[in-house]
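As structure tokens, the structure follows; a few thoughts come after it.
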Amino acid sequence: MKLVRADLLQAGVRNMEAVELGLREALFKDARRLLEKLYAQAHLCIPGDARRPGEKCHPGRSKQALTLFGRVALRRNYYFNPQTGQSRVPLDTALGLVNSFSPAVVRLADRAAARESYEAASQDLRALAGLEIEPRQIQRLVGLSAPAVQKQLEQASDTRPGPIPVGYVEADGTGVPMRAEELAGRPGKQPDGSAKTREVKLGAVFTQTRTDEAGQPVRDYQSTTYVASFEKAEDFGARLRREASRRGLGRAQKLVFLGDGAAWIWELARVNFPLAIFIVDLYHALERLHQLCEGLYGPGAWVKRMEETWEQMLRNDQVQDVIAAAARRRQELGPPPDDSLARQIAYFEKHKDKMLYRTYREQGLFYGSGVVEGGCRAVIGQRLKESGMRWGEQGAANVAVLRCALMSNRWDECWDRVHDSGYLRLAEAA
């Protein structure tokens, strides 16, 4: 034993990495043997492992399953009903196998795929966990497991204690590059009127319980959860409402809905959050104000001066004064060649009750939709909009589900429930 220790020490001095990798492989080999012995025990209580009427039992059917420790050989009962053509393998079901992958491997592969491309995920799983899974296999695993994760995302009420002074709901949309067949007949923003992307809608829900020393609102730590979908606005609105309800926003003392100027967003808010305080994102309003000033005053120093003046008015609940001043200036210009200026002014008129920024500031409320806009970049863009990517709708939707679980800090919670019923009840079998 002393000689073995000395040899290991000498090897470790020369190449500690080789020793560590060698020890890991030795431990994994022992773990694989242990798993094979464990699952081969006849006395294990496996739900449903008994022949049903009309079935034929084929005992000892072999299967190679990939686990965290590598591939293990399983022998199990295979049942087949020749009349119905249905088959089942109770041990596979009890173990929660997805095809030939253990639940722990599926969780790990899906997490890697949620963070990076399938190719990169495959490489990282090999380098970090010693798991050999091809990119297409990871993609198939995502397709099989994402619906189950989506179901769990919609369950389990938020049980964090304490009151909710202010609850927020935000919505936005961002384009995802799609394959040509997904875009056939769809209008878009290309010069020829075609589309290269499809809009995925993203919703964010979070809470606020305090303001800082300067009276600025502070978002509660890790309180943000996301939902994403390619659904139509009315269906997505119902999904977002369910998430807000799950989060307990029905008991919030104030409910705020934040969005930009998109018509679908405000119709969604009107239908699903009628009692909320509606706020148009300030920075979106300022962009529209910039466009209006350029149209009314043209290039030069005067346009900047008027924009600064009207911005201060807008920030001080004087949106009606801005509308009146803009309307007077438009009259001075005479009949316009088109209705663009009228549409710009009408935009502020339509949303003036959502632009009381001084009031929101005095109440210590957020009035910028930066959370969901940042979510469009972090939740969707960083994974689905990488260079060269082209998606099918279902494939993009599957990854978006995993991204929402990950970025909402609900990954382990959802996966624990996804696979909980599939684990062997070893305590009962002991």
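The values are calculated or read from the model by the stated rules, or taken from the named source; none is laboratory data. Values in this document were obtained by computation on a predicted structure and should not be read as measured data. Cβ placement follows ideal geometry from the backbone for every residue including glycine, while neighbour counts extend to all protein chains displayed.
Can you spot a residue in segment 304-316 that is polar (S, T, N, Q), exposed (fewer than 13 other Cβ atoms within 10 Å of the Cβ) and at negative phi? Within segment 304-316, one or more residues are polar (S, T, N, Q), exposed (fewer than 13 other Cβ atoms within 10 Å of the Cβ) and at negative phi.
Inclusion of residue 296 among residues that are over 22 Å from residue 375 (Cβ atoms), in contact with a Lys or Arg (Cβ under 9 Å, 6 or more places away or on another chain) and among the aliphatic types (A, V, I, L, M) is warranted. Among residues of segment 325-340 that are under 11 Å from residue 296 (Cα atoms), those with a Cβ under 9 angstrom from a residue that is modelled with pLDDT under 80, sequence gap 6+ or separate chain, pair up as 330/336. Number of residues in segment 250-278 that are among the β-branched types (Val, Ile, Thr), within 24 Å of the chain's Cα centre (by Cα) and closer than 19 Å to residue 363 by Cβ: the value is 1.
Mind checking whether some residue in segment 155-166 is in contact with a Phe, Trp or Tyr (Cβ under 8 Å, 6 or more places away or on another chain), surrounded by 14 or more Cβ atoms within 10 Å (Cβ to Cβ) and either closer than 18 Å to residue 367 by Cα or of a type outside the set (D, E, K, R) (or both)? No, segment 155-166 has no match at all. Can residue 152 be described as in a helix (DSSP H, G or I) and touching a residue at least 40 places away in the same chain (Cβ under 8 Å)? Yes, satisfied. Annotation: residue 207 fulfils all but one of (1) without any contact (Cβ under 8 Å) to a residue 12 or more places away in the chain; (2) touching a Ser or Thr at 6+ places or on another chain (Cβ under 7 Å); the unmet one is (1).
Name every residue in segment 244-259 that is part of a helix (DSSP H, G or I) and crowded, with 22+ Cβ neighbours inside 10 Å, in order of residue number. 244, 249, listed by residue number. Taking residues in segment 403-430 that are under 16 Å from residue 95 (Cβ atoms), and partners anywhere that are of a type outside the set (Lys, Arg) and modelled with pLDDT of 90 or more, the pairs with Cβ atoms closer than 6 Å and at least 6 places apart or on different chains are 418/148; 418/152; 419/103.
Entry remark, segment 80-97: residues being touching a helix residue (DSSP H, G or I) at 6+ places or on another chain (Cβ under 8 Å) and surrounded by 20 or more Cβ atoms within 10 Å (Cβ to Cβ) number 3 in total.
Taken together, the residues in segment 260-282 that are closer than 17 Å to residue 345 by Cα and part of a helix (DSSP H, G or I) amount to 2.
Of all the criteria given as (1) at pLDDT below 95; (2) surrounded by fewer than 21 Cβ atoms within 10 Å (Cβ to Cβ), the one not satisfied by residue 363 is (1).
Being at pLDDT below 95 and acidic (Asp, Glu) is the filter here, so list the residues in segment 72-123 that pass it. 92 - this is the single residue of segment 72-123 that is at pLDDT below 95 and acidic (Asp, Glu).
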